Each structure stands twice: as C-alpha cells, then as structure tokens.
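Working notes, beginning with the structure itself.
The values are calculated or read from the model by the stated rules, or taken from the named source; none is laboratory data. All of these numbers come straight from a predicted model, not from anything done at the bench. Cβ atoms come from the backbone with ideal geometry, glycine included; neighbour counts cover every protein chain shown. Accessible surface areas use protein heavy atoms only, side chains included; no ligands, DNA or RNA. Shrake-Rupley method; radii C 1.70, N 1.55, O 1.52, S 1.80 Å.
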Amino acid sequence: METQIMSPSKRKILLIINCCLLIFGNTGGPLIMRVYFIHGGKRVWLSAWLETGGWPIMFIPLIIAYFHRYKNEGSNAKPILITPRLFLAAAIIGLLTGLDDYFYAIGVAKLPVSTSALIIATQLGFTALFAFILVKQKFSPYSVNAVVLLTIGAAVLALHTSTDRPKGVSKKDYFLGFFMTLAAAALYGFVLPLVELTYKKAKQAISYTLVLEIQLVMCFFATAFCTVGMLINQDFQAIAKESRNFDLGEARYYVVLIMCAISWQCFFLGAIGVIFCGSSLLSGILIAVFLPVTEILAIIFFHENFKVEKAVSLVLSLWGFVSYFYGEFRQSKKQKMNSINQESEKGEFIAA
C-alpha cells in the first residue's frame, strides 16, 4: 500500500483520533439504536439507513482539506483525489455495507444489546480469516492469542442467549435476529479486509483525505441501498406518525435519529481510519474489545441481566486487548533495534 509520507508522531495522533471515533461509535451506535426500538420505533430499514445516513458530515473535513491543499498548491490543487477505479471499488463496498446495515438493524430490533454485541464479537474471527485470505495478514503469537481470547469470550456469552429473549419478541423473531446479526458479523468481517485490499491495490498514494473520500462514497451507496428499502417499505411516510407515538416525545424522537446517525458515522470513519493507520485486523480487534463495554452500558441503562458469562467475557476481552498491544509494542521495539543496528553497521562500513 503506497501511503502519503507522514511522520510517525502524526500517524500515532491520527490513529488515536480514529480509535476514539471508533470507540464512541461502537458503543454509542447500538445503544441509541436500541433506544429507538425500546420506545416505540419499529422501522428496520430506517434504522439501517441511519447507520450511514450521516455521510454529508464528511463534506466538512473534505472542504477544509481542499482549502489546505489550495493554500499550498494553488490552482494545481485537485478538488477530488479519488479515481474512477477507486470510486467503483468504494461503491461496491458501500452496497455490501448497506446490506450489512440491514442485517444488523434486524438483530438490534429483535435482541437485547448485550446479546447482539456478543454475536458481533464473532466478527473478529471472520476479519482474521478474510484478512489472511485477502491481504496476507501476518499473525504473531500475540495477535493469534488476542483473536482466540476474544472469540472464546463471545462463545462464553453465547451460553446464555436462549434465556434473554425480550418481552414481546417471539422465538421465531428472536432466532431471526440472532442469525441476521451473525450474518452481519460475517459480512463486515469481510468488508474490513476488503477496504484494506482496496488501499493496497490503489494505483495512487493513499492520503487521509483520500480515505475520507472513500468513506463518503461507501456511505453514500450504503445509504442509497437502504433508501430503496425505505421506499419499498414506505418508511418515509411512517416517520411523522411514529414520532407522534414515540414514548419519549416527538422532539426526542428526532434527537434519537440524529444522534444515531452521528454515532454510526463516527464508527465507520474510525473503522476505515484505523485500517489506514494500522490494519483491518487492528480495526476488528478494537471493535471486539469494546463490545463488553457496550454490554455493561446496556445493563446500566436498559437494566439487562448481568450474568457470570458476561463477567468472564469482559476479562477475556481485556486480556486479548492487552495481548495484542503488547505484541505490537514488542514488534515495534524489535524493528527499532534492527534499524539502529543497520544504521550502525552502515556507519562502520563507510568508516572502513
């Protein structure tokens, strides 16, 4: 992957910012979406649409980035960096993301947040598999340990799924939500390495501005996909009536929708930003490791049951998180030492 030259310190700062966006969206998105369903919302396609419907927000940093380029390059500054080849790739990934949004929205509508979160944790296993196939991801013992621990954590949580069916949800709907969420985990586990592969195959330098443009195109096509579903399901006509019957009031109904869209936009931007600064595997690990946080917040705000399986899963997830980053720290330290040794040997050769 040819990336625009960026100092290590700037890359680290950018990685931290994107990690924060990903964590905010990863924890806030499911909770706010669940608020919508708990208090009277019933539109699955609308919920799926909200996951990427905040894409116009991307114009703000893109416009700022353009004026920054214009200041430095003058009339030579390109208003758009994305090529037709990358545009097509982003559009295809966007349509897959739209389908994934729909699968996930069904799961959140039918399942408790804690249960949907545990199923989504299996996404890490799918991400690791597809990263190995698509981008030849190399695994250290520490990253393998992290994947195993986080996957086991999801499996432990799965032990209690049959006992937490929400009131008013039939057994059939419960299992529909379960399998749709699993499908969403598998599909997004494929999408993350596909984004990384797109970066690698791009015949141009990948800058963060280009990443933002790719994100905008992906979210636009994902939203267009869900818009078709909303039109067929007549969701647009139902919004006004649904807002009037919303338990928290009409004004708060629209606040919930707006906050849901913003949260999910932060998630998607953070996810592809982490891929740009790190890898699809790192993005998958961050998504998985903060799912127990989502579960704990769901227990606090929605009074969902906290059983021993969730405590065990939390411990395993944190262990996996520490394992991965300890491995990254050791690898970074090793590369630094090798670089110093090479410079030293080069200096000795010149002196001779």
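Of all residues in the stretch 195-231, how many are over 15 Å from Leu99 (Cα atoms) and in a helix (DSSP H, G or I)? Lay out the reasoning, then the answer.
Applying the first criterion (over 15 Å from Leu99 (Cα atoms)) to the stretch 195-231 yields 195-217, 231.
Those left that are additionally in a helix (DSSP H, G or I): 195-201, 208-217, 231.
Final tally of qualifying residues: 18.
Selection within the stretch 101-111: residues that are open to solvent by less than 10 Å² (accessible area, probe 1.4 Å) and small (Gly, Ala, Ser). The member of this set that is nearest to Gly41 (Cα to Cα) is Ala105. Quick check on this structure: which one of Val191, Val148 is β-branched (Val, Ile, Thr), closer than 27 Å to Leu318 by Cβ, open to solvent by less than 40 Å² (accessible area, probe 1.4 Å) and modelled with pLDDT of 75 or more? From the options Val191, Val148, the qualifying one is Val191.
Among the residues that make up the stretch 118-131, is at least one of them over 30 Å from Val308 (Cα atoms) and either within 20 Å of the chain's Cα centre (by Cα) or surrounded by 14 or more Cβ atoms within 10 Å (Cβ to Cβ) (or both)? Lay out the reasoning, then the answer.
Let us first name the residues in the stretch 118-131 that are over 30 Å from Val308 (Cα atoms), namely 130-131.
So of that shortlist, the ones also either within 20 Å of the chain's Cα centre (by Cα) or surrounded by 14 or more Cβ atoms within 10 Å (Cβ to Cβ) (or both) come out as 130-131.
So far as the stretch 118-131 goes, yes, one or more of its residues are over 30 Å from Val308 (Cα atoms) and either within 20 Å of the chain's Cα centre (by Cα) or surrounded by 14 or more Cβ atoms within 10 Å (Cβ to Cβ) (or both).
Of all the listed residues (Leu314, Leu286, Leu291), the sole one being surrounded by fewer than 23 Cβ atoms within 10 Å (Cβ to Cβ), modelled with pLDDT under 75 and closer than 21 Å to Ile120 by Cβ is Leu314.
Here Thr294, Thr209, Thr223 are screened, and the one residue that is more than 26 Å from Trp45 (Cα to Cα) and of a type in the set (Ser, Thr, Tyr) is Thr209.
Tell me the residue from Leu297, Leu248, Leu257, Leu269 that is touching a residue at least 60 places away in the same chain (Cβ under 8 Å), outside any helix (DSSP H, G or I) and open to solvent by 10 Å² or more (accessible area, probe 1.4 Å), please.
Unique residue meeting the criteria: Leu248.
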